[in-house]
Amino acid sequence: MRGSPFRPVPDPVRPGEESVWDYPRPPRLEPVRERLRVVLGGGAIAETVSGFRVLETSHPPTYYLPPADIAEGTLVNPRRGGICEWKGQAVLFDVRGGDRLVPGAAWAYPDPTPDFRAIAGYVAFYAGPMDACFVGGAQATPQPGTFYGGWITPGIVGPFKGGPGTMGW
């Protein structure tokens, strides 16, 4: 990371790339028509072409998948999650796939704020504990750290919030 801890210098952007430093704050919600796929326990537990992504300054996109496109029995042990200043009160889930159970690996907003009403009940997955997450044919890399749930794919450039020393961004 270059620049001060409070104002990093964005990485150079080439044609066809997106800088997370051009994403808005407050965040924006937009539909995704590329296939989103989440794999755990050796099989796809979620797959859709009807997802959404949330774009927020300094963060790679966070992808939300409709509950109808998530395998039955995948989301277990729902409980109160954190509160997002933009989206509202979250519900956190453990995620089951094959013989694996990953605690706290997915979340949703059952009753989001008006700007995010379109993702009511849609589910986001942390990429790190999954076997793999895909946007189109590209495998996603998890956003640094363990708090945020963005997926980094080719064409998305940072630096990204989430790693050590980035909380003040």
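The values are calculated or read from the model by the stated rules, or taken from the named source; none is laboratory data. As the structure is a prediction and not an experimental result, all values here were calculated from the model. Glycine also receives a Cβ, built like all others from the backbone with ideal geometry; neighbour counts cover every protein chain displayed. Each accessible area value is taken on the protein alone, full model and side chains, heavy atoms only, with ligands, DNA and RNA left out. Shrake-Rupley method; radii C 1.70, N 1.55, O 1.52, S 1.80 Å.
Here are the numbers for this structure:
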{"quantity": "Failed item, numbered, when residue 49 is tested on (1) open to solvent by 40 Å² or more (accessible area, probe 1.4 Å); (2) within 23 Å of residue 113 (Cα to Cα); (3) hydrophobic (A, V, I, L, M, F, W, C); (4) out of contact with any Phe, Trp or Tyr (no Cβ under 7 Å at 6 or more places or on another chain)", "calculated": "(2)"}
{"quantity": "Looking only at the range 70-84, and only at residues there that are aliphatic (A, V, I, L, M) and in a strand (DSSP E or B), the one that is most open to solvent (accessible area, probe 1.4 Å)", "calculated": "83"}
{"quantity": "Of the criteria (1) touching a residue at least 40 places away in the same chain (Cβ under 8 Å); (2) open to solvent by 50 Å² or more (accessible area, probe 1.4 Å), which one residue 101 fails", "calculated": "(1)"}
{"quantity": "Tabulated pairs, the range 115-134, first within 17 Å of residue 80 (Cα to Cα), second polar (S, T, N, Q) and at pLDDT 95 or above, C-beta under 7 angstrom, 6+ apart or interchain", "calculated": "124/62"}
{"quantity": "Residues of the range 85-98 classified as open to solvent by 50 Å² or more (accessible area, probe 1.4 Å), closer than 17 Å to residue 39 by Cβ and charged (D, E, K, R), total", "calculated": "1"}
{"quantity": "Condition check for residue 93: of a type in the set (A, V, I, L, M, F, W, C) and in contact (Cβ under 8 Å) with a residue 40 or more places away in the chain", "calculated": "no"}
{"quantity": "Meets criteria (more than 21 Å from residue 120 (Cα to Cα), open to solvent by less than 70 Å² (accessible area, probe 1.4 Å), modelled with pLDDT of 95 or more and part of a strand (DSSP E or B)) for residue 54", "calculated": "no"}
